[in-house]
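Participant: Provided herewith is a single structure, encoded as structure tokens, for subsequent inquiry.
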Amino acid sequence: MQNLLISVQASGGVDGKFQAVCGSTDDANTLAQLLQLALVYQQYQASNRIKTCRNAWSSSGNAGGDRVTLRMSLSDDQMAALIKKNTFALKM
């Protein structure tokens with residue numbers, strides 16, 4: 001990975017954008033697939049813990065050339081529910 005830009009806007013929900021510049025097109029495609037898999041897994045885990053988060057967030061990702069762009073959105077209610085259940089806590 002050569003460059004990474006993460007931007008988050010939190011007004012009326014949370015909108016995040018992750019953009020990476022990779023060393024090659026193959027690297028970008030691999031990273032895009034891994035990120036999408038990780039998001040699907042986290043969404044599945046959150047929906048098992050919090051019944052109101054069946055579709056915890058909307059996300060889209062794509063690779064174009066050597067770049068990967070991933071976007072995701074959460075409502076205020078979804079974010080509050082995820083925080084209350086310690087979804088983002090690191091387990092040591």
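Participant: Inside segment 1-33, can you point out the residues that are among the aliphatic types (A, V, I, L, M), part of a strand (DSSP E or B) and surrounded by 14 or more Cβ atoms within 10 Å (Cβ to Cβ)? Don't jump to the end; show me each part of the working.
Facilitator: Of the residues in segment 1-33, the ones among the aliphatic types (A, V, I, L, M) are 1, 4-6, 8, 10, 14, 20-21, 28, 31-32.
Among the residues that remain, those that are also part of a strand (DSSP E or B) are: 4-6, 8, 14, 20-21.
Within segment 1-33, VAL14, ALA20, VAL21 meet the criteria.
Participant: Another one. Taking segment 1-42, which residues are free of Cβ contacts under 8 Å to residues at least 40 places away in the same chain and either basic (Lys, Arg) or touching a helix residue (DSSP H, G or I) at 6+ places or on another chain (Cβ under 8 Å) (or both)?
Facilitator: If the condition is that a residue be free of Cβ contacts under 8 Å to residues at least 40 places away in the same chain and either basic (Lys, Arg) or touching a helix residue (DSSP H, G or I) at 6+ places or on another chain (Cβ under 8 Å) (or both), then MET1 is the only one that fits.
A short reminder: the numbers here are calculations on the coordinates, not readings from a lab. Quick caveat: nothing in here was measured; it's all calculated off a predicted structure. We place every Cβ from the backbone using ideal geometry, glycine too, and count neighbours over all the protein chains shown.
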